[in-house]
Each structure stands twice: as C-alpha cells, then as structure tokens.
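What follows is a set of notes on a single structure, which appears directly below.
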Amino acid sequence: MGRSQETFSKKENEKKKAKKRQEKQQKRDERRDVTSDGSLENMMAYVDEYGNITDTPPDPIKKKKALEQDISFIEIGTPKQEEEDLTIPKKGKIDFFNDAKGFGFIKELGTQEKYFVHVNGLTEEVREGDQVSFELEKGLKGLNAVNVKRIA
C-alpha cells in the first residue's frame, strides 16, 4: 500500500479555506438580515412641498396648493435675446493685436466684452492699448469689430 496523499500542509490549507467560506457565508447572512428588515417603503425618500427631502410622504393636498400658488416663475424654453443695434459706434481698447497675422481683439469699455477684429476691419493702423471706436458686424463665429478708428 502507498502512502496517504494528504499531508499536514494540505490539511491546514483545507481548514483555512473552509474557515474563509464559513466567514464569507456568515457575512452574507448578516447583510441579508440587515436589508431584509428594511422594506422598500423604508428605503424611499420623498420631496415635500418646499423641495426638501424627507422620509415621510408629503400630503398631496399641500403639494397641490403649493403648485397652484405661483407657477409664473417657471420658464419654458429660453427667453429671446433682444436684437442689438450693431451700427451704433462703441468704444473700447485694443487688448491684443498681432501685426504679422493681421488680427486681434478689442475689449469694450462698458461691458468688458471682447470682440474679434481683422486687419480688413481697420480704417487706420492700431497698436495694443490704443483707445478705439468701432461698430459690430455678425461673422461666422460671432460678432466682429469693423470700422475701427483710433480715438485721439
């Protein structure tokens, strides 16, 4: 007869594996016990008439009254933007201008908005920091400054 194939270390490894399986099963059972007592009703969250999250369902009568009171604040869609008269001359300052490439940006004095300016939109030569007056024109990517004149 041959020797038994089970050695001491194999027996120890089997014991460790069995212990791990048992611990894992015990953890599963504990998790199941915790979640089983919590029904779907206990896991629900509600929003009351003021928009706060609560664990109690809101009174439908109060919710209706709150909605009926003032729904004028709800905007559907985006409001139309007023058409701006682009021919009115505006004043600004040359924020950046690249002579080599022939373009730059003008920062309007009142609103601090930046507008693209191309060398073709200039009536006279300008440099960075110059005060200018200009008109706006719709371009492919937005508003462009045209008829740019230096203010003395």
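The values are calculated or read from the model by the stated rules, or taken from the named source; none is laboratory data. This one's a predicted model, so the numbers in the text were calculated from it and none came from an experiment. Note: ideal-geometry Cβ built from the backbone for every residue, glycine included; neighbour counts use all protein chains shown.
So how many residues does segment 91-135 have that are aliphatic (A, V, I, L, M) and in contact (Cβ under 8 Å) with a residue 40 or more places away in the chain?
Of the residues in segment 91-135, the ones aliphatic (A, V, I, L, M) are 94, 100, 106, 109, 117, 119, 122, 126, 132.
Retained after the next criterion (residues that are in contact (Cβ under 8 Å) with a residue 40 or more places away in the chain): 106, 132.
Result for segment 91-135: 2.
Just one of the numbered conditions (1) at pLDDT 70 or above; (2) loosely packed, with under 10 Cβ neighbours inside 10 Å; (3) over 29 Å from the mean Cα position of the chain (by Cα); (4) part of a loop (DSSP other than H, G, I, E, B) is not true of I76; which one?
(3)
If I filter segment 103-152 down to residues being among the hydroxyl-bearing types (S, T, Y) and in a loop (DSSP other than H, G, I, E, B), which single residue comes out as farthest from D85 (Cα to Cα)?
We begin by selecting, within segment 103-152, every residue among the hydroxyl-bearing types (S, T, Y); these are 111, 115, 123, 133.
Now restrict to residues that are in a loop (DSSP other than H, G, I, E, B): 111, 123.
Working: T111: 15, T123: 21 Å.
Checking each candidate, the answer is T123.
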